[in-house]
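Q: Provided herewith is a single structure, encoded as structure tokens, for subsequent inquiry.
The values are calculated or read from the model by the stated rules, or taken from the named source; none is laboratory data. What you are looking at is a predicted structure, and each value in this text was computed from that prediction instead of being measured. Neighbour counts run over all protein chains shown; Cβ positions are idealised from the backbone, glycine included. Side chains are part of the model used for accessible areas, which takes the heavy atoms of the whole protein and leaves out ligands, DNA and RNA. Shrake-Rupley method; radii C 1.70, N 1.55, O 1.52, S 1.80 Å.
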Amino acid sequence: NIRGERLCAVECCSKLAAGSKASWMCKAHFNESIDNAATDGAVGSTAASAASRSTRSSSSTHVVVGVTSVTVGGKDEWSATKEALLPAAAAATFSNSAFAATAKKPSARTEPDFDKLEPLGKPETLPKFPETGKCQWSFEQETRVLYANFCLGKHERVHPVDYKFLTKMMELDHVSVVSEGLVDELNPSLWNLRFIAGLAGDEYCHRVRRFSRQIVAESELTRDASALNSAEDGSATTKYFVTHKEEKMNISMKLSDFFSYLAQRRACLERIASDREEKGLDPVNPSSPDDDRVGRAEGGEESFTFTSHDGKELSVNVVNDVLYLIDYDMVKLLPSLHEDFATAFKAKDFLPGGGECMMNNINVNGRPSMGPNFYVTPPASFTAFHQDGHGTVDSCHVCLSGHNEVVMLRRMPEDNKLHAMSILSGDSEDGDSSYNALYGLPHLDGLSHFPLWPTKEAIEKCAEMNYAPSVFILSPGQMLHINKGRLHAFRKLSSFALPSFDCHAELRAQVLKKSENPWVEQRCVSVAWDWEFKGVTAEGINRELVSTLECSKLNREHNVQSLAVPETSILFMARRYVSEYEQQLSQIPDGHQNEAVLAVRSTETYASTADSESNGGDATTSPSAPSSLQVLRGLLPSLSYVVDRHKKAHENAKQMEANGDEKRKVSVAPRPDAWEPPDKAGIDPWGHGDMSCKGCGAEISQCYMHCDGCEKLLSQDFNICVDCHSTRQYECFRQVNPVNDRRHASVNHVGNMKYDRKGGCPCKNGPKCKVCTYCLGCSCRCHKSFTMHLRFMSIEDEETLLQRVADAVGSCALPPDATLARLVDDEEFVDAAGA
């Protein structure tokens, strides 16, 4: 409390102050809860209770209660007694935290043995390039980068043949597709910092990252001792380089202040470079820490002061600190720029919800926000290795000014991704293994240690494993498509020299050599967004869908939230394309349907593997989009998997409803949410806001569990996925009241109450619940009572939809997919573990 006293977390304790955090428990209540846990546990309750009683003391000392430790008077007494006191099944009941601290979900995976990993299959050879005269195609075999330089007139769109080839190449996850000429019609009067400062200069940016300048010896930038330079006489010569380290916390500052910082930084750096050049020194590359001080100002010239959103006055050094404005939402905060970008962009179908996006058939309000976002920074900042949306979404990165140094790997199974990161970040004790490229975020608050930038040797090792590393520079006017599940890293190209072993050393030197004033900083401005590329061939669509489903499942196992909504996308894609296919068949004269279906299937099966039928052909006869049957063939395996999961979940809920467990009630809603009148519905099934699990963050596409206690007692929505419910992840304390963290069933979600007390409860923290009649303070069962809801359609409708798709595909279904097989195997493993 405010006096610094540690108070009991059990609300019936007389020493508890209102609103105090649930972190402490007095010894008497701790021993009582131990007895209850032991009684409910899997081991003998008598022995456990005896063991707990043997540790009791008449002292009033308070104890710290956690999942892994109990401290009495500063001394750890947990280790010796935890086995006797807490059976495994009851251990989690002592956590008052939310779902992340509960028991780990069963998994079929084990830690990979990198020594046993075989190289992946070699990437396939690219087909012949189109020759429309509207695009220059080129492919760099060594870097695996495919360049598409579109030569288009004003308001001219991409030629359908080039467009079709481009989208087919975007299906290849071992090729990095870089397009140019798609954003050359942006309005220059809008896309300049002066206009943006006038438009939104008073708005605060809360996602500004700081990178601090460091002068480090060459040996600190590599783990490969053989790469270091040595003098001819054998004595090591120390070379120094300018590098930058990302600091832990975000900075909040006005947009106008950020642009003023950019101007002051440029002026300071140009003066320093000029002073050094006059003294015969390298303008930007110091030879030592002492040399780096030459030209630096002693006074306040390098200091920039601004006011943060909370009124605090902060300052940065414009030379030492590189500030990176990230994730500035153009849709909400720069609508005029967003409108201009959407109008001028010559591949609109690549935008979130566009024609090539899986979310195209989901209403706008039902999609998660994916940008586009605006990015501005001086060079030298970076984004460490990561996979967008934790592997569930594609992204596009458009470079408007400055240069981006990029490293990107192919899409791979999880074990190979971990192996690749061990190579790139170092698996020795010198390497930093604290950063999680698969399930972490590259600019997360609190992070300060990141992998070193890859060396040439590391890139060569990845190439030997056929990880298809792409090492290249993204230049102004170019757009990079990043396939879902591909690990990648960005670094803004600066004028500082790189050590020879850096994988971008030669590429950077080439860019700087072509520059008229290489020591003058180019501000780096980019636009980027996430989306869900669906693919354009049946095989490609299948790969895209299954890859997203697998990454979503892995994310749930690692307690991170996916950005994509694959299951919802699959259901609405199936609805749209099977209806389109059936409508096309309905226009065929009676008696000719069977003949037409066979002809269409034969044509579509051939077209999915033929790449050269329309190179250089007539644009009017070269469709750029897949047919409805192509899409249905691609999504049938994933649709079957999704519908089967929903069917099993619904059957299990009906069985639990029939069993009638009074402590953990389960009921099934009589109809889907979407069938209810909108003015009477308790939740909007067509929106995205409440449609993710409150526990693991997983997508809620159809089946979900709705807490009856939160609904009836709190008038709040508390929705969790069926997986979290099946493992009782709801048996926890979860604050849903924004201003009151009281552990009381009438205030917050309390699913882990330990007692069964009704009238006359000794806790004196009632009254009794009007719904379940148990004490609201210590025994209410309402937050263990859940109702299964269906979001859009009934299970029967889902099965009918699946059958319609299967009938349309007929005998030309795709062969089994290895990734989908892993998903099915995991489902069976979890079902067995749960049983």
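Q: Considering the dipole of region 499-562 built from charges on the beta carbon (Lys and Arg +1, Asp and Glu -1) around the Cα centre, which of Asn559, Ala509, Ser526 is farthest to its positive end?
A: Going by the charge dipole, the pick is Ala509.
Q: Arg194 to Asp329: FRET efficiency via 1/(1 + (r/R0)^6), r the Cβ-Cβ distance, R0 22 Å, to the nearest 0.05? Don't skip to the end; give the middle numbers.
A: Numbers: r = 21 Å, r/R0 = 0.95.
Here the calculated transfer efficiency is 0.60.
Q: Can you order the peptides 191-201, 687-697, 742-752 by their average number of other Cβ atoms within 10 Å per residue, highest first? Each step should come with its number before you reach the end.
A: Working: 191-201: 15.7, 687-697: 19.2, 742-752: 21.6.
Listed from highest to lowest mean packing, they are 742-752, 687-697, 191-201.
Q: Which residues does the label zone of Gln655 cover in region 716-751, counting backbone N under 17 Å from a point 7 Å along Cα→Cβ?
A: Residues 722-728 fall inside that zone.
Q: Quick one: Cα centre-to-centre distance for region 320-374 and region 463-499, in angstrom?
A: Computed from Cα coordinates, the inter-centre distance equals 22 Å.
Q: Under a point spin-label approximation (7 Å from Cα along Cα-to-Cβ), what is the Asp310-Glu662 distance to one decimal in nm?
A: 5.0
Q: How far is it, in nm, from the label point at Gln583 to the one at Glu185 when both lie 7 Å from their Cα along the line to the Cβ?
A: The modelled label-to-label distance comes out at 2.8 nm.
Q: Next question. Going down the table (Lys122/Lys417; Lys346/Lys553; Lys168/Lys492; Lys164/Lys461; Lys332/Lys492), which pairs top 24 Å between alpha carbons?
A: Numbers: Lys122/Lys417 16 Å; Lys346/Lys553 34 Å; Lys168/Lys492 29 Å; Lys164/Lys461 34 Å; Lys332/Lys492 26 Å.
In this structure, Lys346/Lys553; Lys168/Lys492; Lys164/Lys461; Lys332/Lys492 lie more than 24 Å apart at Cα.
Q: Mind giving me the nanometre distance, one decimal, between the label points for Arg271 and Leu444, set 7 Å out from Cα along Cα→Cβ?
A: About 4.1 nm, to one decimal.
Q: How would Leu790, Leu314 rank on accessible area, largest to smallest, probe 1.4 Å?
A: Most to least solvent-accessible, the answer reads Leu314, Leu790.
Q: Provide the FRET efficiency to the nearest 0.05 for the Glu464-Thr237 pair, computing r from the beta carbons and using R0 = 25 Å.
A: Values: r = 31 Å, r/R0 = 1.25.
My answer for the efficiency is 0.20.
Q: A further question on this structure: Whole Å is fine, so just give me how far the alpha carbon centre of region 762-784 lies from that of region 133-154.
A: The distance from the Cα centre of region 762-784 to that of region 133-154 comes to 68 Å.
Q: Using the beta-carbon distance between Lys245 and His155 and R0 = 51 Å, what value does 1/(1 + (r/R0)^6) give for FRET efficiency, to the nearest 0.05? Mind dumping the intermediate values first?
A: Working: r = 46 Å, r/R0 = 0.90.
That pair, Lys245 with His155, gives E of 0.65.
Q: Compute the length gained on full extension between Lys348 and Val739: take 0.36 nm times their separation in residues and subtract their Cα-Cα distance, giving the result in nm to one decimal. Working shown, then result.
A: Values: separation 391, 0.36 × 391 = 140.76 nm, distance 4.36 nm.
Contour length minus Cα-Cα distance gives 136.4 nm.
Q: Ok, one more. Under 20 Å from a point placed 7 Å out from the Cα of His206 along the Cα-to-Cβ direction: which residues of region 722-756 have their backbone N that close?
A: Residues passing the 20 Å test: 735-740.
Q: At 0.36 nm per residue, and after removing the present C-alpha to C-alpha distance, how many nm does the segment from Phe114 to Glu506 gain when stretched out fully?
A: Values: separation 392, 0.36 × 392 = 141.12 nm, distance 3.06 nm.
Working it through step by step, the gained length comes to 138.1 nm.
Q: Order the peptides 180-189, 653-662 from the highest to the lowest mean number of other Cβ atoms within 10 Å of their residues.
A: Details: 180-189: 15.8, 653-662: 13.0.
Ranked from most to least packed, the peptides come out as 180-189, 653-662.
Q: Identify, among Ser179, Leu117, Phe150, the residue whose Cα sits farthest towards the positive end of the charge dipole of region 107-194, taking +1 on the Cβ of Lys and Arg and -1 on the Cβ of Asp and Glu, with the dipole about the Cα centre.
A: The listed residue farthest towards the positive side: Phe150.
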